[in-house]
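What follows is a set of notes on a single structure, which appears directly below.
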Amino acid sequence: MRDLRRQALESHKTVSRKARSRVASTTASKSNSAAASPATSRAASRSRQESDDDEDYFSDGTAWSTTSIDEVLNGEEVNIPEDAWKSELHTRIEQITNLKRSSTEGRTESLNAYAHILMARYAKEEVQGHVSELVSSMLRSIRQETTESEAVKALKALAVTVVTLDSESIYDDVADQLKRSIQSSTSIAIKVNAIHTLGVSAFFAGAGDDEILDIMTMFIEIIESDGASVDAQDEGNVVIAALEEWGLLATEIEDLEEETETAMEAFVEQLESADSGVQIASGENIALLYEKSLTPQEEDEDAREEDRDDPEHVRNGQRMVKRYTVYRRQDQLLHTLDELANISTRRISKKDRKALHSSFADIRNSVEKPTRGPAYSTALHEETGKAYGAGRMKVKINRNVEVRIDKWWKLQRLNALRRTLQGGFTHHYDQNELVSTALPFSMSAKR
């Protein structure tokens, strides 16, 4: 029996609570914790109404503790004069890059303020002229680990800088140090944030497919070993970070057939974890792999006759063809997913049970029929007799526009962007082409 699961069964507690409380206690600095509870945030972001007529929306509210910039990140309507935040950002850039006149506490505060401004406002023009000095200073804070808080703030600042700049060269500058921090840091919070920053940097800042596949292999080793491969045995947050960033990077690789068998074995095993965050992240990667086993039918391929009376038939829709077997023991997998979708044990919190029920109902749907995306509804419309289908999970960009999250690859990218940009995601989606390109338009005007 796996160590992570055995610990939980012996103590009648989930490892996730212990791991999260350990991370929270070591990284508490103001209100910006180094690693938020994935199960909790995932439950909030994917919380659904039970009625078939209702639609899912993501809330971009995030609690921060400084000034009006943080109120923006909290989803509040705040009018901040442009010259005010630009002036503050310029000051913070000077403080971060002027190492001779800075203290550990001052650098930590400046990195935190800098990251918050870049989350809340698109500041590429203000930052790009200082990128070399900024990245160098951030890497120094990460490398030296003078304090855990400074290193974590530097990692967060680096991640949001990557998403702001759309640079094809930053990855080469930061990859080695991020890998060293994942492997060698004694801080779980630093490992977690280094994993997230490495994933974001590889995806957005210039890593090629071969390098991305190498990173995904490293993440699989973390997952398979319950964190032991990076000296973080049974640390749920480290495993969750590796699962989440594997999912993000997987969306960038066109053909994952060769990687699927090993990945599926690791993810299916983690469905038995005592940490609901590990289970959900594993399940979402499983659904993604099933989705990626389909590709559009080619023009010269024989078309199988479609059942136009099928409630899930989409008129004039693109026909998808399954190219390979994702998992040989699918019946067994479906049974496990059914159990998780209906779990009732009182050994986990009501909030975690709700998150498991919501997530695994969707994941099971996709394993059974990979054309179904997140929040797919098989309920039938009274007038048309057709299934409501996908697209009920949406992100409000503004009063008139929303983005449909109807595919698992979209959900993976959305989650990664929200981890990095927090409550500033919608502003960046509107202003930052890198963000809107990563999550392409599938929008509809709201009536």
Evaluation of Ala175 against (1) open to solvent by 10 Å² or more (accessible area, probe 1.4 Å); (2) without any contact (Cβ under 8 Å) to a residue 60 or more places away in the chain (one fails), failing number: (1)
One residue from Ile212, Ile240 being outside the structural domain of Ala154 (by the TED database), touching a helix residue (DSSP H, G or I) at 6+ places or on another chain (Cβ under 6 Å), crowded, with 24+ Cβ neighbours inside 10 Å and in a helix (DSSP H, G or I): Ile240
Evaluation of Thr251 against (1) open to solvent by 10 Å² or more (accessible area, probe 1.4 Å); (2) farther than 17 Å from Thr197 by Cα (one fails), failing number: (2)
Failed item, numbered, when Tyr324 is tested on (1) at pLDDT 90 or above; (2) within 26 Å of Ala274 (Cβ to Cβ): (2)
Check on Asn415, at pLDDT 75 or above and more than 30 Å from Ala241 (Cβ to Cβ): no
Residue pairs meeting the criteria (Cβ under 9 Å; at least 6 apart or on separate chains; first within 16 Å of Asp214 (Cβ to Cβ) and among the aliphatic types (A, V, I, L, M), in the stretch 248-262; second assigned to a helix (DSSP H, G or I) and open to solvent by 80 Å² or more (accessible area, probe 1.4 Å)): Ile253/Asp209
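Among the listed residues Phe219, Phe203, identify the single one that is open to solvent by less than 30 Å² (accessible area, probe 1.4 Å), assigned to a helix (DSSP H, G or I), touching a residue at least 24 places away in the same chain (Cβ under 8 Å) and in contact with a Phe, Trp or Tyr (Cβ under 8 Å, 6 or more places away or on another chain). Lay out the reasoning, then the answer.
Values: Phe203 fails: in contact with a Phe, Trp or Tyr (Cβ under 8 Å, 6 or more places away or on another chain).
Exactly one residue qualifies, and that residue is Phe219.
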Yes/no for Val326 being open to solvent by less than 20 Å² (accessible area, probe 1.4 Å), on the phi < 0 side of the Ramachandran plot, among the aliphatic types (A, V, I, L, M) and not in a helix (DSSP H, G or I): yes
Every residue from the stretch 108-140 that is surrounded by 18 or more Cβ atoms within 10 Å (Cβ to Cβ), under 21 Å from Leu421 (Cβ atoms) and of a type in the set (S, T, N, Q): Thr108, Ser110, Asn112
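The values are calculated or read from the model by the stated rules, or taken from the named source; none is laboratory data. As the structure is a prediction and not an experimental result, all values here were calculated from the model. Reconstructed Cβ throughout: ideal geometry from the backbone, glycine too, with neighbour counts over all protein chains shown. Protein only, heavy atoms only, side chains kept; ligands, DNA and RNA dropped before computing areas. Shrake-Rupley method; radii C 1.70, N 1.55, O 1.52, S 1.80 Å.
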